[in-house]
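What follows is a set of notes on a single structure, which appears directly below.
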Amino acid sequence: MGIKDIVSEFLRFKSGLIGVFLLLIIVGMAVAAPVISDEEAGYRWYDIEWWTEKNIPKGVPPEWVGIIEGREYASTSEFTYRIPSREGYRFTFNISYDMAADVPPSDVILYINVSKAEGAADEEYIVVMNIYRPDGTSLSRVLDLTTAAPLAKITLSTDEKARSTIITFMKKYDPENFEDITSRGLTNVIDVVKILFSEAQEDVLLEKAPPLKGEYKFEITLFRRSTNVTFNEARLVVLGSAYGIFGTDSFGRDIFVGIIWGARIALVLGLVVAIVSVLIGVVYGTVSAYVGGWTDEILQRIQEFAISIPLLPLLLILAYTFKPTIWNLILLLIVFSWPGPVKTIRSMALQIREQLYITAAKAVGASTSRIVLRYILPQILPYTFALVAFAVPGAILTEAGVSFLLGAQGTLEITWGRILSDAERKSAVLTGMWWWVLPPGFMIAISGLAFVLIGTALDRVLNPRLLR
Amino acid sequence: MTKEFTPQDYVKELSEDDLLAVRDLVKYFPIRRSVLDVIARRRQKFVRAVDHISFDIKKGVIFSLVGESGCGKTTTGMTLVRLYDPTSGHILFKVDDETRKKLDDISGGRIKFYDGYVDLAQVPSKWMKPLRTKLQIIFQDPYSSLNPAYRIRDILMEPLVIHGIGDSPEERYEIILKALEAVKLVPAEDIANRFPHMLSGGQRQRVNIAKALLLNPSFVVADEPIAMIDVSLRAEVLLSILDLKEKFGVSVLFITHDLTIAYNISDYIGVMYLGKLVELGSAEQIIKNPLHPYTQALVAAIPIPDPNRRHIIKDIRIKGEITSAVNVPPGCRFHPRCVAFDEHPEIQARCKAEEPKLIEVEKGHYVACHLY
C-alpha cells in the first residue's frame, strides 16, 4: 500500500480526522507558544519572583467565567500619579478607583518611586494611606510605614498594618465573628482586600457580605525628612479578580502559559519516546524473527525480562537519582518502552519471512540485509505508524505521572504533570481552584485521545483484517 | 559401493553437452526434537525428502521430474538451485568462463573446478551470488512469489540491481521491457507499471519467467509452474517455458505431477517415488514403454479424452497412499503399494530386503526394480 492510498483510506475515518484535528490544536499551541506568550515565561515558570513582578492576580479564575456566571469580575487597573517636585516635607494626593464589579479586586499594590541624593541612600521616608469608601466610611492609616527603598512596593493583602486596620475597622459591624476568628487565631486567613471592597455589615468577616460598589478614594501621604529624597511617582495597581484564558495559580502564574509551554514538552517527549522506542522495537523484532534460532531465543528472553520490569516505581527512583532534565526522562522512558512492540513485530516478520517472494529474492541472490531492508521492513513500516501513535499517550501519561509524583524534585521544564503536582500541593481542589486542575488534566487526556484516535484509524487502514 | 567417487571421477563420465550432473544427492530434514527427546537420547529422526538420486541434464533440454505430492520433487529442485543446502552428494554444473572468473574473484580462487564444472554442493552460500545468475527457479505459487508491495517494474529491477546489470535505471528499464516482451506480456510498458494483484495467475507466472530470464541463466527449475493457474491460461505459460529452451537455449528442470504435460513438453522424464528416482528415460520411452510398476500405474491413470469411454472405470495398478518419508519401508520403498510385488512371490524376499539400483534396460532408459 502506497502512502497515497494510506492517506485516502485514512480520510474515510471520522475518528481519525478528529484525532488529527485535536493533534493540530496541540501542535498549534506548542508552535505558537513563544509568540502568544512571553518567551521568557518558557524557562521562568518556576521563578516565582519573576511572576510576582508581573502584577498578575494570584489564584483567580479565567475571565470568561464572568460571562457564564453573569457576574462582572474586576479587571486589573493601574493608576499613576506623578508627584510634582516642590519644597516641603509632606505630600498628599488622592487616587480614585471606581469599583463597579460584582467580584471585587483580588489585591491592591502601591509603588512609590523615589530618587535620592548621593550619599543619602539609607535615608528613610514615610508612607501613609487612608481609604475613603463609597458608603461614607473611612479607614485611616491603612498603611503607615517607614522605608528606605528607592522603589517601595506595598501589597495590601500581605501588609500587617493594612490587615489589622481593615479587620479592626470591620470589627464593629461583625463583632461575633471577630471574637470567633480571633479566638481561633484565624485572622491570617481572612481575605482583607475582599472585605475592604465589601458592604460593612454582618458576616463581613466571613467574606459573606456583598460587594460595595462605587468610588474608592485612596489618600496617600508621603513624608520626607530632607530634600535628599525626591518623590517621583506613585503607582496604584488594583489587581483584578479574573485573569486570562485559564486563570492563574496561587503563585500568580498564568496557567495558559503553562499549558501551551507544557504542550511542547508533551509533544516532544511523547513523539521522541514513541518513535525511538518503536523503531528500536521494530528492528529488534525483525532481526529476531529473520535470524531465528538461538539468536531469536536469547533476544526474546531479554525482551520478556525487560517488559516485565515494573516501570513507574523504578522510573521514580531513577528520575530522582539522575536529577532529571526532560532529556534524561526521555532516555529513561525509551529504555523501558522499546520492548512494547517487539512481539507484534516479530510475529509479523515471521509471517513475511515465510512468504515465497522472500525465497524468490534469495534465489536471485539478495543478501540478508537487503531482504530485511527491502522486503520485510517496508511491509512492517506502515504498521509502525499505528504503533507510534499508540505509544505516544503512554509516554505522555507516564511522564505526567512521574512529574506529578516527583513534584519539585521532577523536571525543570513546564510539564502538565508538574502543573498538576503544584495544584495538588497547594490544595487547588479543596480551595475550589478548578482552573488549576482541569486544563492540564484535560490536555493530558486530549493529547492521549488524539493519538489513540489516529492510531485506531491507522490500524484499521493498515491492518486490513480489522476493516469492517 | 566400494570406492568413494569424487567429482573428478564423475566428470570423466560426462559428455560435452551435459550441463548438470546430479550424483548421489541427499537432502534430509531433521525433525525438531523436544527437550524430553533430547534428555531421553532418542535418535534424531529425519524426513528423507531426497535420498541418493543421480541424473544428468543436457544443454537446452527440458527434463521433467514426475511424482506424487511429497515424493521430493520440489526439494530436489530447491536443492539444485541451492535454496536448500544438500545433506550430501554432488551437483556438477558447467559454468562459462565469465562466471568462473567471478567465482574466483569472490572466493579468492578457493572454489574448485572440475573440467569447467563446479560442484554446487560444495560452494558455501556466501559465494553463491555469481552462480545465482545462472541458476533460476520459477515457483508453483504465482500469487505469493511476487512481492505485493512493489510494481512489476520494481520487482524485475531487483535482480538487475543486485547483480549490477545495466548502468542506469533507464537502461535497466529497457532490459525489463524486453524481458516482458519475450514472455509476450504486452504492452510491456503497461504491465511494468502494474502491481502483482492487477495481473492474472498466468500473467504473474510469465512475469516470474521474465524475471528468471533477466539474469540470462543456463538452468531454470520450473516447480509445477502451471499447477495453480486456471486451465485456460496454462498454455501461455507452457509456451513461454518452451521458449526458454528453444529461443534462449536454457535447460529446464520441469517439476510436475502431470504425466501428460511432462510428455508434451519434455525431452526426458525422471519418475520419483519417496525421495528416489525409480525410472529415467526419454519422454517417449517413459510414456510408451513404462517399466516400473509405479510408472505403469501413473501412465495408466492418464485420462483419455473420449466421451465413449466415460463409463469405463480404469484399473489403476497401485494400492494405498504414499508412505511417510520419515519411516521409509526397508528394501524397495514401493513394495507396500506394488501390485507386481503381489503377483511375483518369487522376488518378494528381495523386494523387502534389498534396495533396487537404477539399471539400464534399453539405451538411455533406466529403472530401479527387481523385476528387471
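Assess whether A:GLY214 counts as being in contact (Cβ under 8 Å) with a residue 40 or more places away in the chain, of a type outside the set (A, V, I, L, M) and more than 18 Å from A:VAL142 (Cα to Cα). Yes: the conditions hold for A:GLY214.
Filter the range A:400-422 for residues that are of a type in the set (Gly, Ala, Ser) and touching a Ser or Thr at 6+ places or on another chain (Cβ under 9 Å); which is modelled with the lowest pLDDT?
My answer is A:GLY410.
Scanning the range A:363-384 for residues that are among the β-branched types (Val, Ile, Thr) and within 14 Å of chain B (Cβ to nearest Cβ), we see that the one that is farthest from A:SER447 (Cα to Cα) is A:VAL364. Kindly indicate which of A:LEU314, A:LEU332, A:LEU350 is touching a helix residue (DSSP H, G or I) at 6+ places or on another chain (Cβ under 7 Å), in a helix (DSSP H, G or I), assigned by TED's automatic domain parsing to the domain that holds A:ARG44 and more than 16 Å from A:LEU377 (Cα to Cα). Exactly one residue qualifies, and that residue is A:LEU332. A single member of A:VAL193, A:VAL268, A:VAL189, A:VAL204 is touching a strand residue (DSSP E or B) at 6+ places or on another chain (Cβ under 7 Å) and either assigned by TED's automatic domain parsing to the domain that holds A:LEU397 or modelled with pLDDT under 90 (or both), and it is A:VAL204. Of all residues being of a type in the set (A, V, I, L, M, F, W, C), surrounded by 14 or more Cβ atoms within 10 Å (Cβ to Cβ) and not in a loop (DSSP other than H, G, I, E, B) in the range B:325-372, which is modelled with the highest pLDDT? Just the residue, please. Residue satisfying both the conditions and the ranking: B:VAL367. Screening the candidates A:PRO84, A:PRO57 for the property of being closer than 24 Å to A:ARG235 by Cβ and modelled with pLDDT under 90 yields one hit, A:PRO84.
Among the criteria (1) modelled with pLDDT under 90; (2) more than 14 Å from chain B (Cβ to nearest Cβ), the one A:ILE444 does not fulfil is (1). Looking across the range A:313-336, just one residue is more than 18 Å from A:ILE414 (Cβ to Cβ), of a type in the set (Ser, Thr, Tyr) and in contact (Cβ under 8 Å) with a residue 40 or more places away in the chain, and that is A:TYR320.
Take A:GLY281 and tell me if it is crowded, with 17+ Cβ neighbours inside 10 Å, under 20 Å from the mean Cα position of the chain (by Cα), assigned by TED's automatic domain parsing to the domain that holds A:ILE446 and more than 30 Å from A:ASP174 (Cα to Cα). Answer is no for this residue.
Among the residues of the range A:313-322, none qualifies, meaning not one is aromatic (Phe, Trp, Tyr) and either within 14 Å of chain B (Cβ to nearest Cβ) or in contact with a strand residue (DSSP E or B) (Cβ under 8 Å, 6 or more places away or on another chain) (or both).
When A:SER15, A:SER77, A:SER8, A:SER37 are screened for being away from chain B (no Cβ under 14 Å) and within 22 Å of A:ASP191 (Cβ to Cβ), only A:SER77 passes. Quick check on my filter: what residues within the range B:98-125 are exposed (fewer than 15 other Cβ atoms within 10 Å of the Cβ), more than 14 Å from chain A (Cβ to nearest Cβ) and in a helix (DSSP H, G or I)? If the condition is that a residue be exposed (fewer than 15 other Cβ atoms within 10 Å of the Cβ), more than 14 Å from chain A (Cβ to nearest Cβ) and in a helix (DSSP H, G or I), then B:GLU98, B:LYS101, B:ASP104, B:ASP105, B:GLN122 are the ones that fit.
Taken together, the residues in the range B:79-97 that are within 14 Å of another protein chain (Cβ to nearest Cβ) and of a type outside the set (A, V, I, L, M) amount to 4. Here is a check on your reading of the model: is A:LEU387 more than 12 Å from every other protein chain (Cβ to nearest Cβ), surrounded by 17 or more Cβ atoms within 10 Å (Cβ to Cβ) and touching a Pro at 6+ places or on another chain (Cβ under 6 Å)? Considered against the rule, which asks whether it is more than 12 Å from every other protein chain (Cβ to nearest Cβ), surrounded by 17 or more Cβ atoms within 10 Å (Cβ to Cβ) and touching a Pro at 6+ places or on another chain (Cβ under 6 Å), A:LEU387 comes out as yes.
Go through the range B:25-60 and give me each residue that's outside any loop (DSSP other than H, G, I, E, B) and of a type in the set (Gly, Ala, Ser). Selection gives B:ALA49, B:SER54. Could you list, in sequence order, all residues of the range B:211-251 that are within 19 Å of B:LYS184 (Cα to Cα), within 12 Å of the chain's Cα centre (by Cα) and away from chain A (no Cβ under 14 Å)? Passing the criteria: none in range. Checking each residue in the range B:186-212 for being farther than 17 Å from B:PRO159 by Cα and of a type in the set (A, V, I, L, M, F, W, C) picks out B:VAL186, B:ALA188, B:ILE191, B:PHE195, B:MET198, B:LEU199.
Inside the range B:187-203, residues that are within 12 Å of chain A (Cβ to nearest Cβ) and within 17 Å of B:LEU242 (Cα to Cα) make up a count of 0.
Quick one: in the range B:136-160, of everything that is without any contact (Cβ under 8 Å) to a residue 40 or more places away in the chain and either facing chain A (nearest Cβ under 9 Å) or buried (at least 23 other Cβ atoms within 10 Å of the Cβ) (or both), which residue is nearest to B:LEU244 (Cα to Cα)?
Selected residue: B:GLU158.
Within the range A:118-138, the set of residues being within 23 Å of A:ASP191 (Cβ to Cβ), touching a residue at least 40 places away in the same chain (Cβ under 8 Å) and not charged (D, E, K, R) comprises A:VAL127, A:MET129, A:ASN130, A:ILE131, A:TYR132, A:PRO134, A:THR137.
Of the residues that sit in the range A:353-382 and are in contact with an Asp or Glu (Cβ under 8 Å, 6 or more places away or on another chain) and in a helix (DSSP H, G or I), which one is modelled with the lowest pLDDT? Ranking the qualifying residues of the range A:353-382, first place goes to A:ARG374. Pairing each residue of the range B:291-315 that is in a helix (DSSP H, G or I) with any residue that is of a type in the set (Asp, Glu), provided the two are 6+ apart or on different chains, yields C-beta distances under 6 Å for B:THR295/B:GLU279.
The values are calculated or read from the model by the stated rules, or taken from the named source; none is laboratory data. Source: prediction; values computed, not measured. In this analysis, Cβ positions are derived from the backbone assuming ideal geometry, glycine residues included, and neighbour counts consider all displayed protein chains.
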